[in-house]
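To start, the structure under review is shown below, and the notes come after it.
The values are calculated or read from the model by the stated rules, or taken from the named source; none is laboratory data. What you are looking at is a predicted structure, and each value in this text was computed from that prediction instead of being measured. Note that we place each Cβ from the backbone using ideal geometry, even for glycine, and neighbour counts take in every protein chain shown. We work out accessible area using only protein heavy atoms, side chains counted, and drop any ligands, DNA or RNA first. Shrake-Rupley method; radii C 1.70, N 1.55, O 1.52, S 1.80 Å.
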Amino acid sequence: MANEGSEISERSAIVRRGRYDRGYLPHFDSEVVTQFVTFRLDGSLPTSIVRSLRQNLGCGRISEIEYYREIDKYLDKSEGVDYLTDVRIAAIVEQTLLKFNGVKYDLHSWVIMPNHAHILHSPFTGYSLAEILHSIKSFTANSANKIIGRKGRFWSPEYFDRFIRDRIHFEKTIKYIENNPVKAGLCSEPAEWLWSSAWRESQN
């Protein structure tokens, strides 16, 4: 993990630059706040499930957090497309995340699942969350489509993000990210999952 949150509390105390809506989820965008972000493959969830959850969210039957938890639960079932199980594509996503580490952000923790990815990062000044995700998703999408011989949208335009409140929240988020493969039944220990910061740390 890079720079394990020594300035997390200070960053979180800074007023966020603004709130805006993208799709159905509200997003907080700041150059200084550490953020937990989840982005998924297009077609990774059944359309009926997404439609139902969006309706419930829009009507106020469920909160944003409940919406995300349900999405995450369905993602872990891997019932839709799972292009990230292709080691060539997973490697491209990993290399891209690491390429921008220390350039556009500090990457504290990450995991690449069969159909989605989680990252915990602190954007550097001058790089917004939207810009960072565009860089990651556009490059990996183009490369992945070439590998598997397909055209069209690779990543879902919708993503989920939360700013980190304090050190406790920071540490809980890292644990959540690292344990996602275990929770999904893909391995028994976080460090066993090749496409993760937990595995890379275990090799040091």
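Using protein chains only and a probe of 1.4 angstrom, how many square angstrom of TRP193 are accessible, to the nearest 10?
About 50 Å², ignoring ligands and nucleic acids.
Give me the distance in nm between label points sitting 7 Å out from Cα along the Cα-to-Cβ direction at ILE65 and ASP82, one decimal.
3.0 nm
Taking the Cα centre of the range 121-177 as origin, work out the dipole magnitude from +1 charges on Lys and Arg Cβ and -1 charges on Asp and Glu Cβ, in debye rounded to 20.
On the way: 10 positive and 5 negative charges, 55 e Å.
Using Cβ point charges on Lys, Arg, Asp and Glu, the range 121-177 gives about 260 debye.
Return the sequence-ordered ³J(HN,Hα) values of the range 94-102 in whole Hz as given by the Karplus equation 6.51 cos²θ - 1.76 cosθ + 1.60 applied to θ = phi - 60°, using x for Gly and Pro.
Listing the rounded values in order: 4, 4, 5, 4, 6, 4, 8, 5, x Hz.
Which cross-chain or sequence-distant (5 or more) residues have an amide H under 5 Å from the amide H of TYR105, H modelled 1.01 Å from N in plane?
PHE124
Would you tell me the accessible area of THR85, worked out with a 1.4 angstrom probe on the heavy atoms of the protein chains, in Å² to the nearest 10?
Around 80 Å² of this residue is reachable by solvent.
Can you list residues whose amide H is under 5 Å from GLU79's amide H, if they're 5+ apart or on another chain and H is modeled 1.01 Å from N?
Placed amide hydrogens put nothing under 5 Å from GLU79.
Apply the Karplus parameterisation 6.51 cos²θ - 1.76 cosθ + 1.60, with θ equal to phi minus 60°, to every residue of the range 132-147 and state each ³J(HN,Hα) to the nearest whole Hz, in sequence, with x for glycine and proline.
5, 5, 4, 4, 5, 6, 5, 5, 5, 5, 4, 5, 5, 4, 5, 4
Taking 25 Å as R0, compute the FRET efficiency from the Cβ-Cβ separation of SER52 and TYR176 and round it to 0.05. Numbers along the way, then the final one.
Details: r = 25 Å, r/R0 = 0.99.
Efficiency computed from Cβ-Cβ geometry: 0.50.
Could you tell me which residue out of MET113, GLY126, VAL103 lies farthest along the dipole of the range 101-168 toward its positive end? Charges go on the beta carbon: Lys and Arg +1, Asp and Glu -1, centred on the Cα centre.
MET113
For the ranges 112-118, 62-68, what's the packing order if you count other beta-carbon atoms within 10 Å of each residue, average per peptide, and put the highest first?
112-118, 62-68
Could you tell me the distance between the Cα centroids of the range 144-168 and the range 56-123, to the nearest Å?
Comparing the Cα centres of the range 144-168 and the range 56-123, I get a distance of 6 Å.
Which part of the range 87-115 falls in the paramagnetic zone of ARG150, meaning amide N under 19 Å from the point 7 Å along Cα-to-beta-carbon?
Inside the label zone: 87-94, 112-115.
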